[in-house]
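To start, the structure under review is shown below, and the notes come after it.
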Amino acid sequence: MLAVLSPAKTLDFESQCPTKQYSEPEFLDDSEQLVASLRSYSRPRLAKLMGMSPKLAELNHQRYQDWSRPFNADNAKAALLAFKGDVYTGFDLSQYREADFRFAQKHLRILSGLYGLLRPLDLIQPYRLEMGTDLKTKRGKDLYAFWDIRITDAINAALAEQSSKKKFLINLASNEYFSSIQPEKLDATVITPVFKDLKNGNYRFMSFYGKKARGMMADYIVRHRIKQPEKLKAFDTAGYYFDEASSNSDTFVFLRDNPE
């Protein structure tokens, strides 16, 4: 079983790492091509491309000028430890042991506009490049065309390394990022957990809570060494519970009556 997450815009390259383990992203040659293209963008053009403020455009323009290989522990940081958005607040990484990081490395993947597909301990340098960005390259009109089948093939390769005969992909990513995967070419059954909170008498997906819940479920998978989707139904972090009535074989619905 493999779970996929979206990355985060918010990054932390200052705090200490609780592990000395790290690895190198599989698609660094591809990333370098994207960086080379982005380096040619002026700050105003970068702001328009990514829909960001001049201040953020300045920051990310400099990031792409500074991006360099080889990656090491001095100039880069493990992806799971570098991302700090809503999803990643769902992880309690301060409690992780080395065995937890090893399990995460095998069973979690992070989708990325710049890096394609990341293992949790793959080193990254600071960047901003959302998967939905219409960045034109020689491979096509946007990043979906750029990555094409590569991400799907990499997920299939990771699944093939696992011992279980029946393969499952747990989709904890946003639609923007999951669209970089070609489900019809996956050698796995896709299951999408959906998290809904009670508000004004109705259960609904609420972005902030839903993003955090995706991270909490990924954390639950690691800490409980979950390898079979059926065991996800016991997920009860932060008051969520599995709702059999509104779930099916492809969608696991979790409800919460008292949002934090």
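Side notes on the structure shown:
- Of the DSSP H helices in the chain, not one has a Cα length along its own long axis of 20 Å or more together with a mean Kyte-Doolittle hydropathy reaching 0.0.
- Computed [θ] at 222 nm, helices only, for the chain once each DSSP H run of length n ≥ 4 contributes -39500 (n - 2.57): -9000 deg cm²/dmol
- Loop-resident sites, the stretch 154-205, for chymotrypsin sites (Phe, Trp or Tyr not before Pro), counting at most 14 other Cβ within 10 Å (DSSP): Phe205
- Among Ser207, Ser180, Ser112: highest mean-square fluctuation, GNM of the chain, C-alpha pairs under 10 Å: Ser207
- Working from Cα pairs under 8 Å separated by at least six residues, relative contact order for the chain is 23 percent.
- Per residue, the chain exposes 48 Å² of solvent-accessible protein surface, assessed with a 1.4 angstrom probe and all protein chains in place.
- Accessible carbon and sulfur surface of the chain relative to its total accessible area, %, 1.4 Å: 47 percent
- Taking amide H positions as modeled 1.01 Å from N, with prolines and chain starts lacking one, no residue 5 or more places away or on another chain lies under 5 Å from Ser180.
- Neighbour cut-off at most 15 other Cβ (10 Å), DSSP loop, trypsin sites (Lys or Arg not before Pro), the stretch 1-61: Lys9, Lys20
- Distance between the modelled labels on Ala145 and Asp29, one decimal in nanometres: 2.2 nm (7 Å Cα→Cβ projection).
- Listed by chain and number, the aspartates and glutamates whose alpha-carbon sits under 16 Å from that of Lys48, ignoring those within fewer than 8 places in the same chain, are Glu58, Glu130, Asp134, Asp142.
- Shown here for the stretch 166-260: trypsin sites (Lys or Arg not before Pro) in loop regions (DSSP other than H, G, I, E, B) with at most 11 other Cβ atoms within 10 Å, namely Lys166, Arg225.
- Taking every alpha-carbon pair under 8 Å whose residues sit at least 6 apart, the stretch 143-206 reaches a relative contact order of 33 percent.
The values are calculated or read from the model by the stated rules, or taken from the named source; none is laboratory data. All values derive from a computational prediction rather than experimental measurement. Glycine gets a Cβ as well: all are built from the backbone with ideal geometry, and neighbour counts include every protein chain shown. For the accessible areas, the whole protein counts, side chains as well, though only heavy atoms, and no ligand, DNA or RNA atoms are used. Shrake-Rupley method; radii C 1.70, N 1.55, O 1.52, S 1.80 Å.
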